Structure formats: structure tokens, C-alpha cells
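The structure under discussion appears below in the form of C-alpha cells.
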Amino acid sequence: MVSPLISPKSLKLPGAHVVVTGGSSGIGKCIAIECYKQGAFITLIARDENKLLQTKKEIEKYSVNDKQVVLCISVDVSKDYEQVENVLKQAQEKLGPVDMLVNCAGTSVTGKFEDIEVNSFERLMAVNYLGSVYPSRAVIATMKERRMGRIVFVSSQAGQLGLFGYTAYSPTKFALRGLAEALQMEVKPYNVYVTVAYPPDTDTPGFAEESKTKVNCPSIFEISVFKS
Ligand SMILES: NC(=O)c1ccc[n+]([C@@H]2O[C@H](COP(=O)([O-])OP(=O)(O)OC[C@H]3O[C@@H](n4cnc5c(N)ncnc54)[C@H](OP(=O)(O)O)[C@@H]3O)[C@@H](O)[C@H]2O)c1
């Protein structure tokens, strides 16, 4: 699932500050739990405050010491760069500089190219691509100064090859790969490492939501059946 662009140095998670965008659900929530279990301090970023607080409670059950903190930030990662920069500044004032940023916030719509609303193409590019650019841009200078840090982009198998019905989604996930490869070249001399994850279909609330749009595109079902 994970494709490191250049052999990464291992990051010590006990006491590290890990920020997970999209950390209130699905894959992001699982990543946050795994990091917390290994002693990390966690900042969860998503929009829905109730979901964030519910997830915080869930994660806190796995505490390994009484100093660990789970911080929740409600913000849309795709709308306003300055807002994203501000909230990440606040998170760093509370929990220290970000050691690892996991860009997991994302969404999907399926359908035939001509049937997908134009604003869906715009929304997916904003959330899946710019929603990873903004948090990364907000933490990269400090990572370079400290000469340490990890940035993870959660792409998709649909970011490795185009799939029937994914004309709005696949390009946003291909874009993350281009971003990651170019960024890695810039930050490697500063001991900052970039990783791209390419998950396959994963049973999450987001996947359930995406599957509802597949009824308009039966060929995707046929391909899914073929795959499983
Ligand atoms: N599940 C799969 O099969 C699969 C496969 C390959 C790749 N992926 C990728 O993995 C990532 C996570 O997917 P998932 O299935 O775990 O999704 P999910 O269960 O829907 O979780 C998505 C998370 O992102 C947050 N989010 C969405 N839009 C946001 C925005 N504009 N600003 C801030 N937070 C936002 C959501 O919270 P709020 O709605 O409260 O903001 C939620 O915490 C996505 O990037 C997805 O493309 C998933």
C-alpha cells in the first residue's frame, strides 16, 4: 500500500506530533489510532466537530501514557490557505512542531464523464489535491528548519491507473504523485521524507458513500465483481 519515494528514515513515534487530516473517519482514523497506540500526540483535522469529538474519545481509549493529547481542529482543508496555516500554527503552539503530517482528507464521486457535474470535478480537485497542498505548505518551512519531518499523501490505486467511472477522482490522485515526487527532490537535503500511499478499496464510511454513486454507472460494479 505504501510506496516510499526515497528510502525513508524511521520516525520515532513516542512523543511525536502527528497531524492527520481526515482523521475523524475511515483510513485517517485508523492511522491516528495506530500512531497514538505507539505514543504519539495527535492532531485530528476534519470539518464535522461532533465526529471529531467522538473520534477523540475513541482514540483516547488506546492511551499508552497519561501525557498523550488528542487535539481536534474543525476546518475545511480545501477552502482557504490562510485559515489552514493559522490552525496548524495553533496546533504547533499546543503540541510542538509537526513531526509527521498525514494528508488523508478526501472524497470521491463516480459516474460517466458526461454525467458528472462540472462542480464535482472542481470540488474533488480542491479537496483531494489542494486539501493536501495547503497543510503541507503550512508545515514544510518548520520541517526544513528542524531538518526532520515526514509528509504522507494518501492517493489511491485510482492514482496509479485510470479506471472506468473515475474521471473526476483519478486525476486528483495522480496529481498527488506529481506533487510528492517534485517535493521530495526539494526537501530530501533537509532530512524531510515524502511518502505516497495507494490504498485499494477499503471498507470505510467514505467508500460506502462513494458506492451510492456507482448505481449510475453499472460497469463499475462489473469491474468490482471481477476484481474480487
Ligand atoms: N476507502 C477507500 O476505498 C479508499 C481507497 C483509496 C483511497 N482512499 C482515500 O483515502 C482517504 C480517506 O478515505 P476514507 O474512505 O477513509 O474516507 P472517509 O471515511 O469519508 O473519511 C474522510 C475524512 O476526510 C474528512 N474530510 C473530507 N473532506 C474534508 C475537507 N474538505 N476538509 C477537511 N476534512 C475533510 C472527513 O471529515 P468531514 O467530512 O467531517 O470533514 C473524514 O474525516 C481519501 O483521500 C480517499 O480518497 C480511500
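Annotations for the structure displayed:
- Sites Lys212 and Arg47, calculated FRET efficiency, Cβ-Cβ separation with R0 30 Å, nearest 0.05: 0.95
- Gaussian network model of the chain, Cα within-10 Å springs - most flexible of Ser63, Ser24, Ser170: Ser63
- Per the Debye formula on identical point scatterers at the alpha carbon atoms of the chain, with no solvent, log10 I(q)/I(0) at q = 0.15 Å⁻¹ is -0.99.
- Solvent-accessible surface of the chain, averaged per residue with a 1.4 angstrom probe and all protein chains in place: 52 square angstrom.
- Links that overshoot a 29 Å alpha carbon limit, given the list Lys79/Lys144; Lys61/Lys214; Lys29/Lys112: Lys61/Lys214; Lys29/Lys112
- Rounded to the nearest 500, the helix-only mean residue ellipticity at 222 nm of the chain stands at -13500 deg cm²/dmol, with each DSSP H run of n ≥ 4 adding -39,500 (n - 2.57).
- Carbon + sulfur, % of accessible area of region 9-88 - ligands and nucleic acids excluded, 1.4 Å: 47
- Simple Cβ-charge dipole of region 13-227, Lys/Arg +1 and Asp/Glu -1, about Cα centre, in debye nearest 20: 560
- Filtered trypsin sites (Lys or Arg not before Pro), region 51-86: DSSP coil and at most 13 other beta carbons within 10 Å: Lys61, Lys67
- Calculated from backbone phi, Karplus (6.51, -1.76, 1.60) coupling profile of region 71-88 in Hz, x at Gly/Pro: 9, 10, 10, 9, 7, 8, 6, 10, 9, 9, 4, 4, 5, 5, 4, 4, 5, 6
- Relative to the longest principal axis of the Cα atoms of the chain, the long axis of helix 131-146 lies at roughly 30 degrees.
- Kirkwood analysis of region 1-136, using all unique Cα-Cα pairs, places the hydrodynamic radius at 15.7 Å.
- Sequentially through region 202-214, phi angles give Karplus couplings (6.51, -1.76, 1.60; θ = phi - 60°) of 9, 6, 9, x, x, 5, 4, 5, 4, 4, 4, 7, 6 Hz, Gly and Pro residues having no value and appearing as x.
The values are calculated or read from the model by the stated rules, or taken from the named source; none is laboratory data. Everything quoted here is computed from the prediction, not taken from an experiment. Quick reminder, even Gly has a Cβ in these numbers, built from the backbone with ideal geometry, and neighbours come from all protein chains shown. Protein only, heavy atoms only, side chains kept; ligands, DNA and RNA dropped before computing areas. Shrake-Rupley method; radii C 1.70, N 1.55, O 1.52, S 1.80 Å.
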